[in-house]
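*Asks:* Would you mind keeping the following structure in view while I ask a few things?
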Amino acid sequence: MNRAYAQPRRFRPAILATTAFVILLWWIKLFEIFWPMDLGFMGVHVGDLTGLWGILLAPLLHGSLEHLYSNTLPLLVLGSLLLYGYPRSWPWALGMIWLLSGAGVWLFAREATHLGASGLTHGIFFYLLVISIIRRDKRSIGLMMVGFFLYGSMLMTIFPRAPEVSFEYHFFGAVAGVLAAVLLFRRDPKPARKRYDWEQSDEQEDPVIGELWQDGGDDDSQRH
């Protein structure tokens, strides 16, 4: 199959899958608003056994429309880059980020209810960043450059900023993303390196020089 044709075909499913997940988040929030009901009790409640459910459910919930909106574009962009660039490792990476970020918040965060998908966005960003440093192939570096250009500020939002912002979810998402990158960087094969004609010609021995070299060697052996 033509590689130029295969790339868009693989990128479309990545965008569609990420868009479907974001739509699900919006439906959950709109349901919460128009029902009406407060689903905050499903977030991560630090140190509370009943809050363990939040490790699974908190990334699906948001405190406000503004909160959800702030996570929508990062999820669409970074999620699409993850699914497109790492088709074999993304389920494992996303699962690790989802679970470990929530577990870290449940164990070590401030006493509060923590929810939102920002742990996922930070985890994916740090996954793309670290795995590109480890792999150092053109595709990984290209994906990282896109993510860094748009969301490089996530390097700083893992630290405390405002009391109402769960920087802990950001921080533990980043930790999970780094860990996933270290463990999974071999799972996806590197793209084949394109070789140019001049590179191939350099590796091949010049037939004229080769013949002269052999003739010269024969002459020298006869002289001795």
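The values are calculated or read from the model by the stated rules, or taken from the named source; none is laboratory data. A quick note: this is a predicted structure, and the numbers were derived from the prediction, not measured. Don't worry about glycine lacking a Cβ; one is built from the backbone with ideal geometry, like all the others, and counts go over all protein chains shown.
*Asks:* Return the only residue of MET96, MET37, MET42 being over 21 Å from SER153 (Cβ atoms), among the aliphatic types (A, V, I, L, M) and modelled with pLDDT of 95 or more.
*Replies:* MET96
*Asks:* Which is at pLDDT 95 or above, of a type in the set (Val, Ile, Thr) and over 30 Å from GLY43 (Cβ atoms), of VAL146, VAL182, VAL208, VAL178?
*Replies:* VAL146
*Asks:* Going through segment 25-41 one residue at a time, which ones are more than 16 Å from VAL77 (Cα to Cα) and part of a helix (DSSP H, G or I)?
*Replies:* Answer for segment 25-41, where residues must be more than 16 Å from VAL77 (Cα to Cα) and part of a helix (DSSP H, G or I): TRP26, TRP27, ILE28, LYS29, LEU30, PHE31, GLU32, ILE33, PHE34, GLY40, PHE41.
*Asks:* Further question: How many residues are among the β-branched types (Val, Ile, Thr) and surrounded by fewer than 20 Cβ atoms within 10 Å (Cβ to Cβ) if we restrict to segment 59-99?
*Replies:* Qualifying residue count, segment 59-99: 2.
*Asks:* Can you report the number of residues in segment 144-185 which are part of a helix (DSSP H, G or I) and surrounded by 15 or more Cβ atoms within 10 Å (Cβ to Cβ)?
*Replies:* Counting residues in segment 144-185 that are part of a helix (DSSP H, G or I) and surrounded by 15 or more Cβ atoms within 10 Å (Cβ to Cβ) gives 23.
*Asks:* Moving to a separate point now. Would it be correct to say that ARG110 is assigned to a loop (DSSP other than H, G, I, E, B) and at pLDDT below 95?
*Replies:* Here the answer is yes, as ARG110 does meet what is asked.
For every residue, the table says whether it meets (1) surrounded by 15 or more Cβ atoms within 10 Å (Cβ to Cβ); (2) touching a strand residue (DSSP E or B) at 6+ places or on another chain (Cβ under 9 Å).
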position: SER101; (1), (2): yes, no
position: PHE108; (1), (2): no, no
position: ALA112; (1), (2): yes, yes
position: GLY116; (1), (2): yes, no
position: ILE124; (1), (2): yes, no
position: LEU129; (1), (2): yes, no
position: SER132; (1), (2): yes, no
position: ARG136; (1), (2): no, no
position: GLY142; (1), (2): no, no
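*Asks:* Also, quick follow-up: Going by the structure shown, is GLU168 farther than 27 Å from ALA14 by Cβ, out of contact with any helix residue (DSSP H, G or I) (no Cβ under 9 Å at 6 or more places or on another chain) and charged (D, E, K, R)?
*Replies:* no
*Asks:* For segment 22-31, name all the residues that are surrounded by fewer than 16 Cβ atoms within 10 Å (Cβ to Cβ) and either touching a residue at least 40 places away in the same chain (Cβ under 8 Å) or not hydrophobic (A, V, I, L, M, F, W, C) (or both).
*Replies:* Listed by number, the list holds a single entry, TRP26.
*Asks:* A follow-up question, please. Does TYR169 meet the test of being within 16 Å of TRP90 (Cβ to Cβ) and touching a Gly at 6+ places or on another chain (Cβ under 6 Å)?
*Replies:* Judged against the criteria, TYR169 is not a match.
*Asks:* Under the condition of being assigned to a helix (DSSP H, G or I) and touching a residue at least 12 places away in the same chain (Cβ under 8 Å), which residue from segment 42-58 is surrounded by the most Cβ atoms within 10 Å (Cβ to Cβ)?
*Replies:* In this case the residue turns out to be ALA58.
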